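The values are calculated or read from the model by the stated rules, or taken from the named source; none is laboratory data. Quick caveat, the model's predicted, so the values are computed rather than measured. A quick note on method: Cβ atoms are made from the backbone with ideal geometry, for glycine too, and the neighbour counts reach across all protein chains shown. Please note that ligands, DNA and RNA were not included when accessible areas were found on the heavy atoms of the full protein model with its side chains. Shrake-Rupley method; radii C 1.70, N 1.55, O 1.52, S 1.80 Å.
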Amino acid sequence: MLQDNEIKPQQVQDVNDDEISLIDLFAVLLRRKWMIIIITALAMVGVVIYSVISLKLPPEKSYLPNTYKVEANMLIKDSSGSGKGGASSTAGAAAALLGINLGSGGGSSNSALILYLTSSNPFYDAVAEHFDLYTKYEFEKSPIANTREVLKKALKTEFDSETGVLTISSEGIEPEFSVQVIDFTVDWISNKLDELGIDENKISKANLEKNIDTSWKEILRLTKEMAALQDKVAQGRAMWTKEYSIEQKRLELELNAQQEVYTQLRTQLELLKVDMQTETPVFQVLERPSIPDIKSGPSRGKLCIIVTFAAFFISIFLAFLLNAIENIKKDPEAMAKLKSTK
């Protein structure tokens, strides 16, 4: 009777089979080593040549051109549901006019509105028309729809809710052109938000400045009229009559009124500027796009490593496959089964 710690003959045989199987695997690899080396070397040399040629060719003709990523960063003030009207209600009204559902969280999201605007057909059409992309791409069928698809893939808009930063980026082989497109996009968003009246402080400031300019021009006009009237009488070209006295009084009253209006408008503008300095604007450009001096892709070194290792493992698989085929051919029973299936 065998003891518990004694090794049975069958166990010895299993261990030997395992060792033999491992040795057989190495034997197969050694027997096919030149095939493995040649396939791996050819793949490595081929991918290196492929990468070098793609680098030497002009970007527009290269099958693996260098690409450059251009981006602009903007700070977006997202309105909250607990806010008092202001930008929150304005963004909600603007979104409703555009048919946008900004969620049921009780507040309107300026970031969601901007994300919608930068993925809308009017935006893509504005970019295409400004840069004449219909001529650039020369689509024979459905040029508008195809151009929109190209821009949809080229322009990416992301919003980080933690920092409130909206990033607009584009990656392509023409960094100068990408900078122009991103610049246009930033200005387009700013103008669109102004049209929708999202930033009420900005609108109020523009209106005040416009009214101040109008009031100042009116003051200058009245001053010139008074000076012309007095000069006319002083040079003896007209007698000082009751009508001239009434006209001078009218001009003085209008001038005083305009000066009062101008003073009040200037006061309101200065107070508004103080408020704007203490508040974060709805849309603020943090970083304009610039031409990158380093490519964002492709990584040709990584490509060479991946292809080389892939070829190495494929050659190993091929070595085992060829060995398996040889073993089947040497096995009469296996060959008989294959012939019987014909």
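Leaving ligands, DNA and RNA out of it, rank Trp188, Trp216 by accessible area with a 1.4 Å probe, largest first.
Trp216, Trp188
Given a 1.4 Å probe and heavy atoms of the protein chains only, how would you sort Lys224, Lys77, largest accessible area at the top?
Numbers: Lys224 145, Lys77 80 Å².
Ranked list, largest accessible area first: Lys224, Lys77.
For region 107-240, report the accessible area per residue in Å² (1.4 Å probe, heavy atoms, rounded to an integer). Present the calculation step by step, with values, prior to reporting the outcome.
Numbers: 7560 Å² over 134 residues.
About 56 Å² of surface per residue is accessible.
Could you please state how large a percent of the accessible area of region 251-329 is carbon and sulfur, counting protein chains only and using a 1.4 Å probe? Before the final figure, lay out the partial values.
On the way: 3390 of 5350 Å².
Taking all protein chains in place, region 251-329 shows 63 percent carbon and sulfur surface.
Any idea what the dipole of region 148-208 comes to, in debye rounded to 20, about its Cα centre with Lys/Arg Cβ at +1 and Asp/Glu Cβ at -1? Kindly include the intermediate steps, with their values, before the conclusion.
Values: 7 positive and 13 negative charges, 40 e Å.
Approximately 200 debye in magnitude.
Using only protein heavy atoms and a 1.4 Å probe, report how much of Met35 is accessible, in Å² to the nearest 10.
50
Please give, to one decimal in nm, the separation of the simple spin-label points placed at Phe139 and Lys302, each 7 Å out from Cα toward the Cβ.
The answer from the label model is 3.0 nm.
At 1.4 Å probe size, put Lys295, Lys61 in order of accessible surface, largest to smallest.
Values: Lys295 80, Lys61 150 Å².
Highest to lowest solvent-accessible surface, that is Lys61, Lys295.
Using 24 Å as the Cα-Cα cut-off, could you pick out the over-long pairs in Lys33/Lys330; Lys192/Lys273; Lys136/Lys302; Lys152/Lys302; Lys210/Lys249; Lys56/Lys302?
Working: Lys33/Lys330 22 Å; Lys192/Lys273 22 Å; Lys136/Lys302 33 Å; Lys152/Lys302 28 Å; Lys210/Lys249 28 Å; Lys56/Lys302 18 Å.
Those over the limit are Lys136/Lys302; Lys152/Lys302; Lys210/Lys249.
At 1.4 Å probe size, what's the solvent-accessible area of Tyr137? Round to the nearest 10 Å².
The accessible area comes out at roughly 70 Å².
On a full-extension model of 0.36 nm per residue, what is the gain between Asn191 and Leu220, subtracting their alpha-carbon distance, rounded to one decimal in nm?
Working: separation 29, 0.36 × 29 = 10.44 nm, distance 3.20 nm.
The span from Asn191 to Leu220 would gain 7.2 nm if fully extended.
Just grab the label-to-label distance for Glu200 and Glu254, each label 7 Å out from Cα along the Cβ direction, in nm (one decimal).
3.5
Quantify, in whole percent, the carbon and sulfur part of the accessible surface of region 106-160 (1.4 Å probe; protein heavy atoms only). Let's see the in-between values first.
Numbers: 1500 of 3070 Å².
Here carbon and sulfur together make up 49 percent of the probe-accessible area.
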